[in-house]
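Have a look at the structure below before the remarks.
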Amino acid sequence: MVGGGFGGLELANKLAKSGFQIVLVDKNNYHQFLPMIYEVASAGVEPSSIAFPFRKIFQKRKDFYYRWADVTGVDSKNNLIETSIGPLKYDYLILATGTTTNYFGNENIENAAMPMKTVEEAMAMRNALLANLEKSLTTEDLKERQALQNIVIVGGGATGVEVSGALSEMKKFVIPKDYPEMEIHKVNVYLIEAGPKLLAAMSANASENAEKFLRGMGVNVMLNTLVQDYKDGKVILNNGMDIPTRTFIWVSGVIATSFDHIDAEMLGRGRRILVDEFNRVKGIENVFAIGDVCLQTEKDYPNGHPQLAQVAIQQGHLLASNLKKLEKGKALSAFHYRNLGSLATIGRNKAVADFKKVRMHGWFAWVIWLVVHLRSILGVRNKVVVLLNWVWSYLTYDRSIRLIMAAKRVKKNPVDRK
């Protein structure tokens with residue numbers, strides 16, 4: 001199994017005591033709870049609260065093995081995957097590697113913008129954001145100071161909306177206390193979306209309320225606005241405007257991770273791997289793909305399922321059952337996505353929620369968002385830590401994890417030197 005995201009984790013759990021030997025290969029040694037990654041980026045929670053080591057999760061499993069490696073290719077003819085630690089043989093292969101940031105071929109944007117798809121990237125963004133605020137207090141160049149205090153977020157999906165709201169609250173409640181000498185009205189948060197509305201995957205009601213909440217919080221929401229480039233420290237827009245910024249956050253799109261030997265005809269929109277109703281890669285009997293990396297269609301989703309955690313979890317759940325059926329020679333069950341609803345939080349007492357027959361926004365939607373996400377976090381300790389951070393932030397209007405802490409390479413231990 002390649003990838004330990006939501007789908008991979010569900011699959012591994014449901015295959016417990018099934019007789020399979022499960023080998024998980026992932027370039028990270030931990031599962032990351034991506035729906036709350038913006039909380040790390042905006043200094044709301046510690047990274048360790050939303051990251052969980054695989055070896056800790058499965059330490060009581062005798063049928064589970066983890067290998068820390070990058071997977072580069074799939075040799076389906078020989079039942080091998082090519083990895084950074086050498087080839088690994090499989091009987092069944094499950095690809096659950098998710099997506100990576102899509103810069104749409106613009107190298108300037110790729111080199112300058114900060115993505116937010118992993119815990120590491122969220123920590124890097126937190127470091128850059130706080131460092132830029134510090135630098136803005138010491139520079140005498142007024143134009144450079146403004147660029148350091150402008151925050152530009154590109155992408156009006158759930159991540160863009162949530163990080164915009166979190167940074168707006170940080171501007172209102174935290175920066176005035178931490179930086180009393182800063183002219184707070186000069187700290188600007190921009191949210192730029194190429195389409196006509198925010199939260200395009202959600203209802204019109206959710207989109208309109210999210211926009212209303214953000215504008216009320218002081219976020220400069222710019223719809224129908226395309227980012228064309230980033231040059232000379234400025235975000236270049238298609239309407240002739242440019243915004244000078246050193247905090248350029250890109251959450252505008254994703255593209256599926258890729259592997260050598262997966263031919264172009266096996267790929268669909270967004271480079272997603274085409275699979276049948278059993279999540280089997282088309283043309284290969286013993287290779288499966290689940291979650292964001294795959295493209296599977298059914299009657300209600302002719303263009304593929306939304307790239308959401310619930311899709312991956314449900315696919316992982318059913319695939320575990322189907323793998324057991326394969327071993328017993330039984331007929332497989334086709335996948336049908338059950339939409340449990342969508343949630344997005346904007347800030348304190350502000351969220352939007354879409355369920356099958358109910359649309360809601362405001363305080364009640366916010367409480368539902370808190371409960372759903374707190375229940376989904378792995379580990380009792382992490383649940384308690386996150387809850388305490390939320391309570392502290394709610395009562396004190398403060399975000400307490402404001403550390404500029406970049407990792408450095410550890411030097412050789414002096415006692416080991418000959």
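The values are calculated or read from the model by the stated rules, or taken from the named source; none is laboratory data. Everything numeric here is computed off the predicted structure, so don't read it as measured data. Heads up, the Cβs are rebuilt from the backbone with ideal geometry, glycines too, and the neighbour counts pull from every protein chain shown. Just so you know, the surface numbers come from the protein's heavy atoms only, side chains and all, with ligands and any DNA or RNA stripped out. Shrake-Rupley method; radii C 1.70, N 1.55, O 1.52, S 1.80 Å.
Here are some notes:
- Inter-residue pairs, beta-carbon under 8 Å, first under 19 Å from Gly329 (Cα atoms) and in the stretch 279-293, second of a type in the set (D, E, K, R) and buried (at least 17 other Cβ atoms within 10 Å of the Cβ), 6+ apart: Val287/Arg280; Phe288/Arg280
- Taken together, the residues in the stretch 303-327 that are in a loop (DSSP other than H, G, I, E, B) and open to solvent by 40 Å² or more (accessible area, probe 1.4 Å) amount to 4.
- Residue in the stretch 291-300 that is part of a strand (DSSP E or B) and closer than 30 Å to Asp70 by Cβ present: yes
- Residue within the stretch 306-314 that is without any contact (Cβ under 8 Å) to a residue 40 or more places away in the chain and small (Gly, Ala, Ser) present: no
- Pairing residues of the stretch 183-209 that are under 30 Å from Arg145 (Cβ atoms) with residues that are loosely packed, with under 14 Cβ neighbours inside 10 Å, at Cβ distances under 6 Å and at least 6 apart in sequence or on separate chains, gives Ile184/Pro176.
- Checking each residue in the stretch 162-182 for being without any contact (Cβ under 8 Å) to a residue 40 or more places away in the chain and among the basic types (Lys, Arg) picks out no residue at all.
- The requirement of being over 30 Å from Arg402 (Cβ atoms), open to solvent by 40 Å² or more (accessible area, probe 1.4 Å) and under 24 Å from the mean Cα position of the chain (by Cα) is fulfilled nowhere in the stretch 36-50; no residue meets it.
- Each residue in the stretch 267-279 was checked for being part of a helix (DSSP H, G or I) and buried (at least 16 other Cβ atoms within 10 Å of the Cβ), and 2 pass.
- As a summary of the residue check, Glu211 satisfies the conditions (1) in a helix (DSSP H, G or I); (2) closer than 30 Å to Val74 by Cα except for the one numbered (2).
- Any hit, the stretch 242-256, residues being among the basic types (Lys, Arg) and out of contact with any Leu (no Cβ under 9 Å at 6 or more places or on another chain): no
- Only one of the numbered conditions (1) of a type in the set (A, V, I, L, M); (2) over 27 Å from Asn205 (Cα atoms); (3) surrounded by 18 or more Cβ atoms within 10 Å (Cβ to Cβ) is violated by Ile346, and that is (2).
- Screening Leu80, Leu137, Leu130 for residues that are open to solvent by less than 10 Å² (accessible area, probe 1.4 Å), on the phi < 0 side of the Ramachandran plot and hydrophobic (A, V, I, L, M, F, W, C) leaves exactly one candidate, Leu130.
- Of all residues in the stretch 172-187 being touching a helix residue (DSSP H, G or I) at 6+ places or on another chain (Cβ under 7 Å) and not hydrophobic (A, V, I, L, M, F, W, C), the one that is farthest from Thr138 (Cα to Cα): Pro176
- Across the stretch 160-208, the number of residues qualifying as of a type in the set (S, T, N, Q), farther than 19 Å from Trp250 by Cα and either part of a loop (DSSP other than H, G, I, E, B) or open to solvent by 20 Å² or more (accessible area, probe 1.4 Å) (or both) comes to 2.
- Residue in the stretch 140-159 that is modelled with the highest pLDDT, counting only those that are open to solvent by 30 Å² or more (accessible area, probe 1.4 Å) and polar (S, T, N, Q): Gln146
- Where Val293 falls short, out of the listed (1) surrounded by 15 or more Cβ atoms within 10 Å (Cβ to Cβ); (2) over 30 Å from Val2 (Cβ atoms): (2)
- Any chance Asp300 is among the acidic types (Asp, Glu), crowded, with 20+ Cβ neighbours inside 10 Å and touching a residue at least 24 places away in the same chain (Cβ under 8 Å): no
- Every pair of residues 6+ apart whose Cβ atoms lie under 6 Å, when the first sits in the stretch 355-378 and is within 16 Å of Glu39 (Cβ to Cβ) and open to solvent by 40 Å² or more (accessible area, probe 1.4 Å) while the second is in a helix (DSSP H, G or I) and of a type outside the set (D, E, K, R): none
- Any pair with Cβ under 8 angstrom, 6 or more apart, that starts in the stretch 90-114 at a residue that is at negative phi and open to solvent by less than 40 Å² (accessible area, probe 1.4 Å) and ends at one that is modelled with pLDDT of 95 or more and acidic (Asp, Glu): Thr99/Asp292; Tyr103/Glu110; Asn106/Asp229; Ile109/Asp229
- Checked against the criterion of being without any contact (Cβ under 8 Å) to a residue 60 or more places away in the chain and out of contact with any Lys or Arg (no Cβ under 6 Å at 6 or more places or on another chain), the stretch 146-161 has no qualifying residue.
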